[in-house]
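Chemist: Structure below; questions to follow.
Since every read-out is calculated from the coordinates, none of them should be taken as a lab result. Note that the coordinates shown come from a computational prediction; the quantities given were computed from them, not determined experimentally. No Cβ is skipped: glycine too gets one built from the backbone with ideal geometry, and neighbour counts run over all protein chains shown.
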Amino acid sequence: MIGDMNRVSIIVPAYNCARFLEAAINSVLAQSAPNFELIVVDDGSTDNTLAVAPDKANIDARVRVFSQEHSGKPAVARNAGIRQATGDFIAFLDGDDLYAPDRIARVAEVFAKFPDLDLVFHDVLLTDELGQPQGETFLAQNEYLSRAGRHLEDQGHDVYLCKNTFYAFMSTEIGGFNTDCVTVRVSALLRQPEWFSEDLTLMEDYDLWFRLVQNGRCAFLNAPLSCYRRYGTSMSSQTKQFALDQYTAHQRNFERAKPCLNAKQRRLMRRKLSSMQSSIGYQHCLAENPEAARKAYRLSFAISPSVRAIIGLGKTFLPRRLLRWLRNSRKGGVRTYTTH
């Protein structure tokens, strides 16, 4: 277990989540490992968020509450929380999610057993708005262990050390992990030129995880130790913004990764970026913005030629009435379950 000199600082960005925040805070206060501080950063909420959090701080001195003007970006609130942190490790929990009671303790055991680690991540249980489980866990539904297996070293007790090839796997196949699932050593954060990129509204977490994994050692704990709510008004429901920021985060990572990738891996990354640009083109089509859609589809084809880009580009020249019919007869877009 993490000792007295190794406190964990848990950062909770909160915006208009009063109906969930008490449960989120309670899930932290119920941790079996007591050596933590909980930092709630209110991002200019207009609901009862600023009443819920101070009530908890008055009861438990480990809870600290800060408020700022509304930024509309989780990155800004998380960075503000990091600046206030006093622990040796930083963990994250969104204001509408939950920790399992042994989340901190189990992650702490991994850091204690492997003291050179910079980052530990685990799986997450997906739930609906009411907290009811929705099928398999996030990583299980993506067959994570079987797909990542050759890039992991099994240490027993559900702990896997990430090999040197893990960063390339992360860049080309499964790109990242939910923010609630990550605990990072403060010294690793301090080596970064920036923490969460504040020019991104979404995917700012993936951008940071890419950088941390590329430059440090990490481990996977194969257990669902947090619960992630999926519902219509969460940040992750912003499909168009997700598509734009997803591309930006992965494109930046591609520029950093190119020197350490082989030709096949670079092709895989270009295909991924091309697909993301096609998703952006599709979102512009839904918004009836054919000029922006054409630009996205052309860029998609330039990055890596595909039939999808050609078909998408062709659709942008159809009459808008027909485009509306196609939009109403087919559902599509990008998946948005990894970032609030």
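Chemist: Which length gain, in nm to one decimal place, applies between LYS240 and ASP199 when the Cα-Cα distance is subtracted from 0.36 nm times their residue separation?
Modeler: Here the answer is 13.2 nm.
Chemist: For the range 66-185, take the convex hull of the Cα atoms, compute a quarter of its surface area, and give me that in nm², please.
Modeler: Average of the hull's projected areas for the range 66-185 equals 9.2 nm².
Chemist: 7 Å from Cα along Cα→Cβ at both ILE174 and ALA287: what's the point-to-point distance in nm?
Modeler: 3.1 nm
Chemist: At a Förster distance of 51 Å, what's the computed FRET efficiency of GLN68 paired with VAL307, Cβ-Cβ distance as r, to 0.05?
Modeler: The formula returns an efficiency of 0.65 here.
Chemist: Counting alpha carbon pairs within less than 8 Å and at least 6 residues apart, what relative contact order, in whole percent, applies to the range 22-78? Please list the in-between numbers first.
Modeler: Values: 54 pairs, mean separation 22.7, N = 57.
Value for the range 22-78: 40 percent.
Chemist: Points 7 angstrom from Cα along the Cβ direction at ALA57 and HIS157: gap in nanometres?
Modeler: Taking the simple label geometry, ALA57 and HIS157 are separated by 3.6 nm.
Chemist: Dividing the alpha-carbon radius of gyration of the range 9-140 by 2.2 N^0.38 Å (N being the number of residues), what value is obtained?
Modeler: 1.05
Chemist: Let me ask another. Report the FRET efficiency, 1/(1 + (r/R0)^6), for ARG191 and GLU22, where r is their Cβ-Cβ distance and R0 is 22 Å, rounded to 0.05.
Modeler: Working from the Cβ atoms, E equals 0.05.
Chemist: Name the shape class, rounded, prolate or oblate, that the alpha-carbon gyration tensor gives for the range 197-266, where a ≥ b ≥ c are the square roots of its eigenvalues, rounded holds for a/c under 1.5, and otherwise prolate holds if a/b is larger than b/c and oblate otherwise. If you can, show how the numbers build up before the last one.
Modeler: Numbers: a/c = 2.29, a/b = 1.30, b/c = 1.76.
Taking the square roots of the gyration eigenvalues as a ≥ b ≥ c, the range 197-266 is oblate.
Chemist: Oh, and also: Under the rule of -39500 (n - 2.57) per DSSP H run of 4 or more residues, summed and divided by the residues of the chain, what mean residue ellipticity at 222 nm is obtained, to the nearest 500 deg cm²/dmol?
Modeler: That calculation yields -13500 deg cm²/dmol at 222 nm.
Chemist: Using amide H atoms built 1.01 Å from N in the peptide plane, name the residues 5+ places from GLN155, or on other chains, whose amide H lies under 5 Å from its own.
Modeler: TYR160, LEU161
Chemist: Rounded if a/c is under 1.5, else prolate if a/b beats b/c, else oblate: with a ≥ b ≥ c from the C-alpha gyration tensor eigenvalues square-rooted, which is the range 1-76?
Modeler: In terms of gyration-tensor shape, prolate.
Chemist: Report the net charge of residues surrounding GLN214, where surrounding means a beta-carbon distance below 13 angstrom and charges are Lys +1, Arg +1, Asp -1, Glu -1. Please list the in-between numbers first.
Modeler: Details: positive: ARG191, ARG211, ARG217, ARG252, ARG256, LYS258; negative: ASP118, ASP207, GLU255.
Residues close to GLN214 contribute a combined charge of +3.
Chemist: If amide H atoms are built 1.01 Å from N in the plane of the peptide, which residues on other chains or at least 5 residues away come under 5 Å of the amide H of ALA100?
Modeler: SER226, CYS227
Chemist: If you don't mind, there's one more thing I want to ask. For the range 20-85, what is the charge dipole size about the Cα centre, in debye to the nearest 20, if Lys and Arg each add +1 at the Cβ and Asp and Glu each add -1 at the Cβ?
Modeler: 260 debye
Chemist: Across all directions of projection, what mean area in square nanometres is found for the Cα convex hull of the chain?
Modeler: 17.6 nm²
Chemist: Taking amide hydrogens as modeled 1.01 Å from N in the peptide plane, which residues meet the under 5 Å criterion relative to VAL63, leaving out close sequence neighbours?
Modeler: Sorted by chain and number, the residues that satisfy this are LEU38.
Chemist: Further question on the same structure: Past the 32 Å Cα-Cα mark, which pairs from LYS113/LYS264; LYS56/LYS272; LYS56/LYS163; LYS163/LYS295; LYS73/LYS264; LYS272/LYS315?
Modeler: Check vs 32 Å cut-off fails for LYS113/LYS264; LYS56/LYS272; LYS56/LYS163; LYS163/LYS295; LYS73/LYS264.
Chemist: Related question: Would the range 72-142 count as rounded, prolate or oblate if I go by the C-alpha gyration tensor, calling it rounded below 1.5 in a/c and otherwise prolate when a/b exceeds b/c, oblate otherwise? Mind dumping the intermediate values first?
Modeler: On the way: a/c = 2.16, a/b = 1.19, b/c = 1.81.
The shape class here is oblate.
Chemist: Just to be sure I understand the model, the point goes 7 Å from the Cα along the line to the Cβ. What's the resulting GLU129 to ASP88 distance in nm?
Modeler: That separation, rounded to one decimal, is 4.3 nm.
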